[in-house]
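> Here's a structure for you.
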Amino acid sequence: MTQKKKLIVGNWKMNGSLQFNAQLLQALCDGMGQPDCAVAVAVPAPYLAQVQSLVAGGAIALAAQDVSQHEAGAFTGEVSAGMLRDFGTRYVLVGHSERRQYHGETDAGVAAKAQRALAAGITPIVCVGETLAEREAGQTQAVVKRQLAAVIHANGHCISEIVVAYEPVWAIGTGRTATPEQAQEVHAVLRAQLAAATEHADRVPLLYGGSMNAANAAQLLTQQDIDGGLVGGASLKAADFSQIIAAASANQASAATK
Ligand code: PEP
């Protein structure tokens, strides 16, 4: 079986400015060279046009951080999948825990967003993950399975076209990372759930997210079912993000020689 390329996605969250973005992307392009993995940056909506033109023809793909579950109409403040497509958006995050937590996004709403993205030809990166209280109550697997089940239910026919990001909420922006074993355990559960829904479950990249950084990326990325990373804080520092990309590329190269 050919080894699929790892995917490293930076999530800038609500950070950046015209000047900062240009400097970051320049430093990133200089730092990462020609990576042997796929790379994307999820940028705030107002910067889609700027970043589209800055990354054109290069190795970095454009991603958005959210999409409306509606196609068009009276939804003030929302951005549709068609609008994202107009700017060459390749991926969009759906159901990030900050959206679930601060904007009341439900499993059904996240599933509808994934559906809109897929219909527009944009790959949804479906974020799932448990809170610390849920982990401590032994509910981790039940929570992530429930979150993914909603997306499978609404998108069964093209479920192999999505990306899934396992992001334990307690690890996001906290500096506390899941151990490679903890992450792999959940990824194996998600892979099995996808395998029950599609014969192409191996095609679905499963990303780990939650305080991934230059120091821990290599170890996480060696796990069997960890196909890449969703990186918040460290994606705002070109040197750190470049090192994560290098770790993914090195992992790719060593897998190819096995
Ligand atoms: C994220 O925002 O998806 C994330 C994983 O953030 P951080 O890497 O900062 O924990």
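The values are calculated or read from the model by the stated rules, or taken from the named source; none is laboratory data. Keep in mind that what you see is a predicted model, and the values were worked out from it rather than measured. Don't worry about glycine lacking a Cβ; one is built from the backbone with ideal geometry, like all the others, and counts go over all protein chains shown. The protein model used for the area step is the full one, side chains on, heavy atoms only, and it has no ligands, DNA or RNA in it. Shrake-Rupley method; radii C 1.70, N 1.55, O 1.52, S 1.80 Å.
> Below 8 Å, C-alpha to C-alpha, sequence gap of six or more: please give me the relative contact order for the chain in percent.
Working: 507 pairs, mean separation 58.9, N = 258.
Relative CO of the chain lands at 23 percent.
> E167's amide H: which non-local residues (gap 5+, or another chain) put their own amide H closer than 5 Å, with H modeled 1.01 Å from N in plane and none for Pro or chain starts?
The list, which skips near neighbours in sequence, is V128, G129, G209.
> I'd like the carbon and sulfur percentage of the solvent accessible area for the chain, probe radius 1.4 Å, heavy atoms only, ligands and nucleic acids excluded.
Of the solvent-accessible surface of the chain, carbon and sulfur hold 52 percent.
> Rounded to the nearest 500 deg cm²/dmol, what is the calculated helix-only ellipticity per residue at 222 nm for the chain, with -39500 (n - 2.57) per DSSP H run of length n ≥ 4?
-13000 deg cm²/dmol
> I would also like to ask the following. Assigning unit charges at the beta carbon (Lys, Arg +1; Asp, Glu -1) and nothing else, what dipole magnitude in debye, to the nearest 20, does the chain show about its Cα centre?
So the dipole magnitude of the chain works out to roughly 200 debye.
> Same structure again: Could you check how many percent of all C-alpha pairs in the stretch 149-258 are farther apart than 19 Å?
46
> In whole Hz, with x marking every Gly and Pro, tabulate ³J(HN,Hα) for the stretch 232-243 from phi via Karplus 6.51 cos²θ - 1.76 cosθ + 1.60, θ = phi - 60°.
x, x, 5, 7, 8, 10, 4, 5, 5, 5, 4, 5
> If you don't mind, there's one more thing I want to ask. Once amide H atoms are placed 1.01 Å from N in the peptide plane, what residues at a sequence separation of 5 or more from V92, or on another chain, have their amide H within under 5 Å of its amide H?
A64, T123, I125
> Quick check: Cα centre of the stretch 210-258 to Cα centre of the stretch 155-208, how many Å?
The stretch 210-258 and the stretch 155-208 have Cα centres spaced 16 Å from each other.
> I need the peptides 204-212, 26-34, 230-238 ranked by packing, meaning the mean over residues of other C-beta atoms within 10 angstrom, with the highest value on top.
Sorting 204-212, 26-34, 230-238 by mean packing, highest first, produces 204-212, 230-238, 26-34.
> Tell me which residues come under 5 Å, amide H to amide H, from V231 once H is placed; ignore anything under 5 positions away on its chain.
Amide H neighbours of V231: V9, G10, N11.
> Here's a follow-up. Largest first and in whole Å, give the semi-axes of the stretch 7-256's equivalent ellipsoid, each being the square root of 5 times a Cα gyration tensor eigenvalue.
24, 23, 17
> Which whole-Hz ³J(HN,Hα) couplings does the stretch 129-141 yield from phi under the Karplus relation 6.51 cos²θ - 1.76 cosθ + 1.60, θ = phi - 60°, glycine and proline marked x?
Per-residue couplings from phi come out as x, 9, 7, 4, 4, 5, 5, 5, 8, x, 9, 3, 5 Hz.
> State, to one decimal in nm, how far the label point of A27 lies from the label point of A74, with both points 7 Å from Cα in the Cβ direction.
Going by the 7 Å Cα→Cβ label model, 4.7 nm.
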